[in-house]
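One structure is given here, and the rest of the page talks about it.
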Ligand SMILES: Cc1cc2nc3c(=O)[nH]c(=O)nc-3n(C[C@H](O)[C@H](O)[C@H](O)COP(=O)(O)OP(=O)(O)OC[C@H]3O[C@@H](n4cnc5c(N)ncnc54)[C@H](O)[C@@H]3O)c2cc1C
């Protein structure tokens, strides 16, 4: 019998789990965090958000340097890449943040328990037991009044495929020994287009193949069109509405056979292929089947406080049904759950208030309803669109592609959705999230002062565009 009964045991130390553990500690709860890897951070820190954004920053700097002369900077000579240094820098950033997490666990009195955790069944006398198998194969038992399952997700592969040195997922591609001459990316969601963008900047020949009829299919249709246009301009070949039939290893690389949208068979050979077709929840072996929790295709159903059908068992992060698989979503779900557990006022996560960011070039940031979604809901909307071509800071930073699109309720002008593609879109979107959270109207935002000259002024003009009153077009 375990001696300690925790208020909360969290299984999984990714952004959902570690954030929940920190907040639980701040709220004075006795908390254990169970993690099977030797380092905290999960997919996000080790093979997801942080390493990709680190390398995207290298790509951005490299792209600027290629045009150094245009900025009056001479003497740079021919710029070349050192892939090893790029990976070293990425690894240093990861290492720094792993240390930071260890510090935060100590600071917030979180007991970190190494090992693989699984629920042993339903609660007995209001206490759950989690079996934790250590690397030595020995199992210990952790007891807690509440358990948060935050085990994350794995990259999906196409049927019959196995990741190796040429058929890559986000894991293998982040430790390649050199930049590939050519890359086929299967899947034009955020992960696919980010890697496509990186390797195009680094000089690879990049082809993107997407099954759905448009790039970044979760975004507003106008954003998809603009991304396709800019990618074409950048020399990235893309095929949408294309079904991959076969991926084979050849003597030196890979061969991807697909049927294009017009039904024609196509073949693309490349040095590597990245499979970025979504992520599957890791819930098979975590013991949820021994509880009343309801799952579908591995995703866990929860109520607004992230509690499953098993009282005291919560699910957060990539394993939750019906929420986007994003680090900030998992983190906020963890905060919502532990705040509720602590008996403090908590606020459920609202689907339409979640920002989605894609850090390719050009960047994408969006929140709320797309124009099509608003119309499908039967809402009468007014739409405004302001191109970055009219923004003075966009001229200064030399990035004129893209726009800010605002979808607003026609009667009261409440902002329902904002869709940005262009410079710093992933930063600019924060204003729109706040506006939607505070149920702001276009009228209010049109009288909100935005500093000059900033990219944020494109937001002001975007809101003005809803009333056909953008200043700079
Ligand atoms: C290439 C890529 C780029 C991405 N970029 C972004 C981005 O820019 N922004 C964004 O918001 N999201 C991004 N994501 C998504 C983001 O990484 C995930 O949404 C996020 O990591 C999910 O957090 P999580 O805590 O649910 O799971 P994870 O981060 O997967 O963490 C789960 C943790 O649980 C541990 N674990 C699993 N099973 C057990 C067990 N039984 N016992 C103990 N421990 C266990 C794992 O080892 C892991 O540490 C990206 C993903 C990828 C693949």
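If a residue must be assigned to a loop (DSSP other than H, G, I, E, B) and crowded, with 19+ Cβ neighbours inside 10 Å, how many such residues does segment 228-252 contain?
Summing the residues that are assigned to a loop (DSSP other than H, G, I, E, B) and crowded, with 19+ Cβ neighbours inside 10 Å in segment 228-252 gives 2.
Conditions first: (1) surrounded by fewer than 16 Cβ atoms within 10 Å (Cβ to Cβ); (2) in contact (Cβ under 8 Å) with a residue 24 or more places away in the chain; (3) more than 16 Å from the ligand (Cβ to nearest atom). Residue 166 passes all but one, so which condition is the exception?
Failed condition: (1).
Right, residue 273: under 30 Å from residue 208 (Cα atoms), surrounded by 23 or more Cβ atoms within 10 Å (Cβ to Cβ) and more than 17 Å from the chain's Cα centre (by Cα) or not?
yes
Condition check ((1) near the ligand (Cβ under 10 Å from one of its atoms); (2) assigned by TED's automatic domain parsing to the domain that holds residue 241; (3) part of a loop (DSSP other than H, G, I, E, B); (4) surrounded by fewer than 23 Cβ atoms within 10 Å (Cβ to Cβ)) across all residues:
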| position | (1), (2), (3), (4) |
| --- | --- |
| 161 | no, no, yes, yes |
| 172 | no, yes, no, yes |
| 175 | no, yes, yes, yes |
| 179 | no, yes, yes, yes |
| 193 | no, yes, no, no |
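Can you tell me how many residues in segment 278-316 are within 12 Å of the ligand (Cβ to nearest atom), surrounded by fewer than 22 Cβ atoms within 10 Å (Cβ to Cβ) and within 22 Å of the chain's Cα centre (by Cα)?
5
Looking only at segment 411-456, which residues are in contact (Cβ under 8 Å) with a residue 12 or more places away in the chain, part of a loop (DSSP other than H, G, I, E, B) and under 30 Å from residue 229 (Cα atoms)?
Across segment 411-456, the qualifying residues are 422, 423, 424, 452, 453, 454, 455, 456.
Anything in segment 1-38 that is part of a loop (DSSP other than H, G, I, E, B) and more than 8 Å from the ligand (Cβ to nearest atom)? List them, or say none.
1, 2, 3, 4, 27, 28, 29, 30, 38
crowded, with 18+ Cβ neighbours inside 10 Å, part of a helix (DSSP H, G or I) and within 16 Å of the ligand (Cβ to nearest atom): is that true of residue 197 in this structure?
yes
Determine which member of the set 440, 435 is surrounded by 21 or more Cβ atoms within 10 Å (Cβ to Cβ), farther than 21 Å from residue 217 by Cα and in contact with a strand residue (DSSP E or B) (Cβ under 7 Å, 6 or more places away or on another chain).
Among 440, 435, only 435 is surrounded by 21 or more Cβ atoms within 10 Å (Cβ to Cβ), farther than 21 Å from residue 217 by Cα and in contact with a strand residue (DSSP E or B) (Cβ under 7 Å, 6 or more places away or on another chain).
Here is a check on your reading of the model: is residue 100 surrounded by 16 or more Cβ atoms within 10 Å (Cβ to Cβ) and either under 27 Å from residue 326 (Cβ atoms) or within 16 Å of the ligand (Cβ to nearest atom) (or both)?
So residue 100 fails the test.
Just give me the residues in segment 119-143 being within 14 Å of the ligand (Cβ to nearest atom) and buried (at least 20 other Cβ atoms within 10 Å of the Cβ), in sequence order.
119, 130, 132, 142
The values are calculated or read from the model by the stated rules, or taken from the named source; none is laboratory data. Note that the coordinates shown come from a computational prediction; the quantities given were computed from them, not determined experimentally. As a convention, Cβ positions derive from the backbone with ideal geometry for all residues, glycine included, and neighbour counts pool all protein chains shown.
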